[in-house]
Amino acid sequence: MVNNEQRQHAEHIFLSFRKSKSPFAVCKHILETSKVDYVLFQAATAIMEAVVREWILLEKSSIESLRTFLLTYVLQRPNLQKYVREQILLAVAVIVKRGSLDKSIDCKSIFHEVSQLISSGNPTVQTLACSILTALLSEFSSSSKTSNIGLSMEFHGNCKRIFQEGDLRQIFMLTVEVLQEFSRRENLNAQMSSVFQRYLALANQVLSWNFLPPNLGRHYIAMFESSQNVMLKPTELWRETLLDIRVMELFFTVHRKIREDTDMAQDSLQCLAQLASLHGPVFPDEGSQVDYLAHFIEGLLNTVNGIEIEDSEAMGISSVFSNLITVFPRNVLTAIPNELFSSFVNCLTHLTCSFGRSAALEEVLDKDDMVYMEAYDKLLESWLTLVQDDKHFHKGFFTQHAVQVFNSYIQCHLAAPDGTRNLTANGVASREEEEISELQEDDRDQFSDQLASVGMLGRIAAEHCIPLLTSLLEDRVTRLHGQLQRHQQQLLASPGSGSIDNKVLDDLYEDIHWLILVTGYLLANDTQGETPLIPPEVMEYSIKHSTEVDINTTLQILGSPGEKASSIPGYNRTDSVIRLLSAILRVSEVESRAIRADLTHLLSPQMGKDIVWFLKRWAKTYLLVDEKLYDQISLPFNTAFGADTEGSQWIVGYLLEKVISNLAVWSSEQDLANDTVQLLVTLVERRERANLVIQCENWWNLAKQFARRSPPLHFLSSSVQRTLMKALVLGGFAHMDTDTKQQYWTEVLQPLQQRFLNVINQENFQQICQEEEVKQEITATLEALCGIAEATQIDNVAILFNFLMDFLTNCIGLMEVYKNTPETVNLIIEVFVEVAHKQICYLGESKAMNLYEACLTLLQVYSKNNLGRQRIDVTAEEDQYQDLLLIMELLTNLLSKEFIDFSDTDEVFRGHEPGQAANRSVSAADVVLYGVNLVLPLMSQDLLKFPSLCNQYYKLITFICEIFPEKIPQLPEDLFKSLMYSLELGMSSMSSEVCQLCLEALTPLAEQCAKAQETDSSLFLATRHFLKMVFDMLVLQKHNTEMTTAAGEAFYTLVCLHQAEYSELVETLLSSQQDPVIYQRLADAFNKLTASSTPPSLDRKQKMAFLKSLEEFMANVGGLLCVK
Amino acid sequence: MADDLDFETGDAGASATFPMQCSALRKNGFVVLKGRPCKIVEMSTSKTGKHGHAKVHLVGIDIFTGKKYEDICPSTHNMDVPNIKRNGLPGKGRCPRLTKIWGAPVSFAEPLPRGGVCWAWLRGPPLALQLIGIQDGYLSLLQDSGDVREDLRLPEGDLGKEIEQKYDCGEEILITVLSAMTEEAAVAIKAMAK
């Protein structure tokens, strides 16, 4: 047995062998004589690394002969282990690539050799040829597959550009020839078909080539390379090759031939998908694009129509469709023959429905690999793209298709007999009730893309889909009502008889769940940050039928959710959209009645969530429609939920009642409570709606109840309570007369203050502060304060800030009282974080000052109480970590004042503030630096192991250095030292992200030194040390090439500052070189590096010149010094 | 359960535990799991079937022993929450007005914010107990009243060693004492402010 030590020793031998100088003769000898595969592999690696390292020193002819040697070596040994062969070919590819930019050496002959290998007809040799091409392709692709040869991105980019214009095309043509040859043969033996497969994969690799556009800056190359899902966008030179119809036909033929082979089919379909994404300068004009598309669609339909699709084909086929629809402009799509286009859309419809059914089946069978689901997603997404821009198609063109896709979606999601949910070939699958964890996403999020597409299709076919949803929902409501009644009677007849079969109920809940989700997505859009608008299709649909509609009956349907819709006379002459809404209100009403009848345990919290989710979405878009936003508005909408209507007042009251009932009944269902309170926020966040809300008696009751902190509201989780407080505060800014407003604040905010003061001003507060009742009171107050801060808007910040400020000063006292109660301390800091986060940007100078001071005192108390403290319990470290993370966040929030500031010298506070003392001038930087000073001693290297804390910390100090470099030299000595130490630590032993941040911090520091011109300051001395660090990092250590820019900038500034020291560093490095050739190369490189910027000065132009030379420098000698 | 026992350090009338609905518990808060007072370190919910009702899964760490306990219960249920006290006897309230906090000028200290906040706490007696001796594995702690407590064990492990070492070096240290249900233990130390 080999022990660990021996293994390490062996590894060390190989590693140092690979770094040895000019190992070529030795390696050749090893390759020719050794029988050990691993040793062969290492020899090949050593050659590859040495060639790149010593490229400039080597004779061109010896490089050429080395390449020939390696290729011949592989050809002569067909039985080499695969990994050895691949490694040798990789060395060949690297040599070709390194040589491609070197005019003095010609590596072109390799293609000649390869094509000879291919024409040999010998499968083994052909496989080898394929391997050579694949190695070249990966090497030149300049993606992550490229070997790390220590050259700049620019070098890789240039190689790639040259390659994609010539050699790549040659490889493609060679590949096409091979595929043509194979596709003509009738019977392929196993060996042949394996060769076939390799060339098909190669073709796929060529067609998936990420063509680098000319003139892309080096920064963008990395970004560009990392993009997934590459579309085929070749240069003009590829025109003749790719627009040749025979090429496209070849790939259809190939696919038809091998479609039953799972592995090969994936490659062939991927090739087709890439061809379907062809775009860019390769097309000379629109006509050629139309021709190409028409041919392609013909080929596609011939391949897909009339066959039974294999599981493994689903994803590929949907990619082909998706690419065609995404890439080809609408005018090109409509320019192909009408009949062809219709067949295309019919085929798409057919496939969508069929994949949808298969996807549902996959779900029932709980398959791990959901190929149909993925394919279905992709097709639905394509529909969205296709129908969104409908100017090019005549109105109603897609309606019938939309109806089909919509119907099939609904059908798959409903239980039998209307639908096929959980239906397999053997009947209904009885699914075990599985445990669902909170981490499992809700369907509305997990399937949001599908639902958005289906909702869109539903709008296009509104005439069909809206009435369909209405009748399905009304039917389910009636059944749910009946079922619950039966349960109730059963319970009354035999109380406690327990086991009730919930199968029927669960089926109804699941039906209603999906119907509500689809309705939500059909009637309204997801909006973030923009004003939600009623979808134009829905508006048109309502307007179109408004003449046949009886408004009064419509209002009656809406206003009587407790009655069956069909029991209302004239129910068929109502507005369909309002009737759909009222169907959901009927679901909600059944839920509410079941609660009143004490049947809560039978209800589904999921359905409860769906209901409030829908109502929130609906209210955002429809409630109090703003006429100004629409060209035309539907009369029924305007009458039922327009401004100043009885309808809107009624519905606001109804929604409020729902919210209050939910908060009382469902406090134990956190998600449902959360959705409920979000609905409440929606109701009050816009002034117009809030005006109606505050007219409800219930609203005032809610406010009073919450202020009393009595059950059931105090059962709610803390996050729900916070949001509830936020809503109550927002509501306070509705329009009311002064007295009412006064009364409102007396009901909502003052009790909070009063209770708080009552508690803390008790004579014996210190004795009782740890009593649970007291602690709960304090905690509830702190939570409420966070909620109040969250409600901050520009028009209420003045009032809220003054209100909160009173508390903040008291909170500092609490820090002292609860210094041994980590959970309370944490919450107190959070209050400060929230206030700073939400309000600092609006505060004028004197208010900001107040906040700075409060934060500062908070930090002082914290630091006093936590320095030199040790705790026994296992959570101590995590508590401290959370505290410090919050403090860093607080400091960063305060610092943000320096770059995001909406304050207009206290304009929002004008009139609130009589005579202020404006003579103090503390900047955010002062506070933040002071804060850093306080917390720095609490930071330990252990704590920096928490990645989020570490990143937040370094972000903060980099911010400080960038924004206030002039403050750094003035820092107290200890603080200055720990800051410098932090930077050093960050550069040497943290993640590359942190290292980058530290390098970014160095530049402004060095510039500051240069400006100050003090050569004896401690910052000046520190920067000298950093010069050495950065010098070593750039010249001696292998470092991340992404960091070159940040390191280079810092390096240049430091060089400017310490020219003598820099010369010394270079001298020392040079004098340690024994090899005269290397010495000369290095000396030349260093001379060239600074040639463009002598003497160095902080001039932008010079700096850019230096950075450019640095890249060359890195490419030339970067690898050289790593040899050591 | 010894709910009705009255301990010398406890307050008469305050019970050892009180009930709270599961949903109102919070991470970092406290709960009784398997009869032990625990700090909640993990709290998650799950349900049986898509239309089922929520159940809460709690993971807690015994505040005295550091052992881990778990429990799962319907989220409508009430759980016992232990009454946690730190430092057996707190100091008496005094209320001198404050102009400076630890040497740093505090500009907002005068005039006091409205409502007359009791800044006294900031100056009040230390909330931790001062260590004045170690005897036979027991700590001697000086209480505010001037009385000495000698019934508290020197904790085991690193903290105990640290206390002993600091005491031997003549450092003045403060001890934080935690009590819950029927137990008490020293859980933290801090150097006394000079």
Original post:
Counting just the residues of the range A:981-1008 that are open to solvent by less than 10 Å² (accessible area, probe 1.4 Å) and within 20 Å of A:Leu1065 (Cα to Cα), which one comes out nearest to the chain's Cα centre (by Cα)?
Top reply: A:Leu999
Subject >> Which listed residue is β-branched (Val, Ile, Thr), in contact with an Asp or Glu (Cβ under 8 Å, 6 or more places away or on another chain) and more than 14 Å from every other protein chain (Cβ to nearest Cβ), from A:Thr553, A:Thr621, A:Thr547, A:Thr574 >> reply: A:Thr574
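Picking from B:Lys194, B:Lys190, which residue would you name as being over 14 Å from the mean Cα position of the chain (by Cα), farther than 27 Å from B:Lys39 by Cβ and modelled with pLDDT under 80? Show your work before the answer.
Working: B:Lys190 fails: farther than 27 Å from B:Lys39 by Cβ.
Among B:Lys194, B:Lys190, only B:Lys194 is over 14 Å from the mean Cα position of the chain (by Cα), farther than 27 Å from B:Lys39 by Cβ and modelled with pLDDT under 80.
Is it the case that some residue within the range A:721-738 is out of contact with any strand residue (DSSP E or B) (no Cβ under 6 Å at 6 or more places or on another chain), small (Gly, Ala, Ser) and free of Cβ contacts under 8 Å to residues at least 12 places away in the same chain?
Just the residues of the range A:721-738 that are out of contact with any strand residue (DSSP E or B) (no Cβ under 6 Å at 6 or more places or on another chain), to begin with: A:721-738.
Adding the requirement that they be small (Gly, Ala, Ser) leaves A:727, A:731-732, A:734.
Now narrow it down to the ones that are free of Cβ contacts under 8 Å to residues at least 12 places away in the same chain: none.
No, the range A:721-738 contains no residue that is out of contact with any strand residue (DSSP E or B) (no Cβ under 6 Å at 6 or more places or on another chain), small (Gly, Ala, Ser) and free of Cβ contacts under 8 Å to residues at least 12 places away in the same chain.
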**OP:** For B:Lys50, indicate whether it is farther than 28 Å from A:Asn674 by Cα, surrounded by fewer than 21 Cβ atoms within 10 Å (Cβ to Cβ) and touching a Phe, Trp or Tyr at 6+ places or on another chain (Cβ under 9 Å).
**Re:** no
**OP:** Could you tell me whether any residue of the range A:416-428 is touching a residue at least 12 places away in the same chain (Cβ under 8 Å) and within 14 Å of chain B (Cβ to nearest Cβ)?
**Re:** yes
Subject >> Residue check, A:Ile633 more than 30 Å from A:Gln776 (Cα to Cα), in a loop (DSSP other than H, G, I, E, B) and within 38 Å of the chain's Cα centre (by Cα) >> reply: yes
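Please go through the range B:152-194 and pick out each residue that is of a type in the set (Gly, Ala, Ser) and either in a helix (DSSP H, G or I) or loosely packed, with under 13 Cβ neighbours inside 10 Å (or both).
Residues of the range B:152-194 of a type in the set (Gly, Ala, Ser): B:157, B:160, B:170, B:179-180, B:185-186, B:188, B:191, B:193.
Scanning the range B:152-194 gives B:Gly157, B:Gly160, B:Gly170, B:Ala193.
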**OP:** Scan A:Cys1009, A:Cys995 and give me the residue that is in contact with a Ser or Thr (Cβ under 7 Å, 6 or more places away or on another chain) and farther than 21 Å from A:Glu898 by Cβ.
**Re:** A:Cys1009
Original post:
Tell me, which residue of the range A:639-660 that is over 22 Å from A:Glu589 (Cα atoms) and buried (at least 17 other Cβ atoms within 10 Å of the Cβ) is farthest from the chain's Cα centre (by Cα)?
Top reply: A:Thr639
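Matching residues to (1) under 17 Å from A:Arg259 (Cα atoms); (2) at pLDDT 90 or above:
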{"residue": "A:Phe182", "(1), (2)": "yes, no"}
{"residue": "A:Asn187", "(1), (2)": "yes, no"}
{"residue": "A:Ser193", "(1), (2)": "yes, no"}
{"residue": "A:Gln205", "(1), (2)": "no, yes"}
{"residue": "A:Leu212", "(1), (2)": "no, no"}
{"residue": "A:Arg218", "(1), (2)": "no, no"}
Original post:
Just wondering, is there one or more residues in the range A:1062-1080 that are at pLDDT below 85, under 24 Å from A:Ser22 (Cβ atoms) and buried (at least 18 other Cβ atoms within 10 Å of the Cβ)?
Top reply: yes
Original post:
Which pairs do you get when a residue that is more than 8 Å from B:Gln130 (Cβ to Cβ) and more than 11 Å from every other protein chain (Cβ to nearest Cβ), found in the range B:164-178, comes within reach of a residue that is modelled with pLDDT of 80 or more and part of a strand (DSSP E or B), reach meaning Cβ atoms under 6 angstrom, with the pair 6+ apart or on two chains?
Top reply: B:Tyr167/B:Ile134
**OP:** Look at the range B:16-64 and say how many of its residues are more than 10 Å from chain A (Cβ to nearest Cβ) and either farther than 26 Å from A:Ala876 by Cβ or β-branched (Val, Ile, Thr) (or both).
**Re:** 4
Subject >> Test: residue in the range A:762-774 that is open to solvent by less than 50 Å² (accessible area, probe 1.4 Å), aromatic (Phe, Trp, Tyr) and over 24 Å from A:Ala798 (Cβ atoms) >> reply: yes
Subject >> Residue ranges of helices (runs of 4 or more DSSP H) in the range A:794-875 with at least 3 members more than 36 Å from the chain's Cα centre (by Cα) and either within 11 Å of chain B (Cβ to nearest Cβ) or touching a residue at least 12 places away in the same chain (Cβ under 8 Å) (or both) >> reply: A:797-817, A:845-866
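Would you please name the residue that is nearest to the chain's Cα centre (by Cα), looking only at residues in the range A:588-618 that are away from chain B (no Cβ under 14 Å) and among the β-branched types (Val, Ile, Thr)?
Taking the range A:588-618 first, the residues away from chain B (no Cβ under 14 Å) are A:588-590, A:592-593, A:596-597, A:612-618.
Going one step further and asking which of them are among the β-branched types (Val, Ile, Thr), we end up with A:590, A:612.
On the way: A:Val590: 39, A:Val612: 27 Å.
Checking each candidate, the answer is A:Val612.
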**OP:** Could you figure out which of (1) in a loop (DSSP other than H, G, I, E, B); (2) under 23 Å from A:Gly316 (Cβ atoms); (3) among the acidic types (Asp, Glu) isn't true of A:Glu363?
**Re:** (1)
Original post:
Looking at the range A:434-538, what helices (runs of 4 or more DSSP H) fall wholly within it and have at least 2 residues that are modelled with pLDDT of 95 or more and within 25 Å of A:Glu363 (Cβ to Cβ)?
Top reply: A:448-460, A:462-493, A:503-523
**OP:** Assess whether A:Val587 counts as being under 23 Å from A:Val403 (Cα atoms) and open to solvent by less than 20 Å² (accessible area, probe 1.4 Å).
**Re:** no
Original post:
Can you tell me which residues in the range B:53-84 are open to solvent by less than 50 Å² (accessible area, probe 1.4 Å), closer than 27 Å to A:Glu773 by Cβ and not in a strand (DSSP E or B)?
Top reply: B:Ile63, B:Phe64, B:Ser75, B:Asn83
Original post:
Applying the selection to the range A:1-24, what residues are under 21 Å from A:Val92 (Cα atoms), more than 44 Å from the chain's Cα centre (by Cα) and open to solvent by 80 Å² or more (accessible area, probe 1.4 Å)?
Top reply: A:Lys21
Subject >> Contacts under 8 angstrom Cβ, first residue in the range A:1016-1035 being under 15 Å from A:Leu983 (Cβ atoms), partner basic (Lys, Arg), 6 or more apart >> reply: none
**OP:** Say whether the condition of being under 30 Å from A:Ile595 (Cα atoms), outside any helix (DSSP H, G or I) and under 43 Å from the mean Cα position of the chain (by Cα) is met by at least one residue in the range A:559-569.
**Re:** yes
Original post:
Would the range A:756-764 turn up any residue that is within 29 Å of A:Cys811 (Cα to Cα), more than 9 Å from chain B (Cβ to nearest Cβ) and of a type outside the set (Phe, Trp, Tyr)?
Top reply: yes
Original post:
For the range A:1011-1028, what are the residues that are surrounded by fewer than 19 Cβ atoms within 10 Å (Cβ to Cβ) and not charged (D, E, K, R)?
Top reply: A:Ala1012, A:Gln1013, A:Thr1015, A:Ser1017, A:Ser1018, A:Leu1021, A:His1025
Subject >> Scope the range A:940-963; condition in contact (Cβ under 8 Å) with a residue 12 or more places away in the chain, in a helix (DSSP H, G or I) and either among the acidic types (Asp, Glu) or exposed (fewer than 14 other Cβ atoms within 10 Å of the Cβ) (or both); matching residues >> reply: A:Pro947, A:Ser948, A:Glu962
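The values are calculated or read from the model by the stated rules, or taken from the named source; none is laboratory data. On a predicted model such as this, the values are computed, not experimentally measured, just so you know. Here the Cβ is made from the backbone with ideal geometry for all residues, glycine too, and neighbour counts use every protein chain on show. Note: accessible area is taken over every heavy atom of the protein model, side chains too, but ligands, DNA and RNA are not part of it. Shrake-Rupley method; radii C 1.70, N 1.55, O 1.52, S 1.80 Å.
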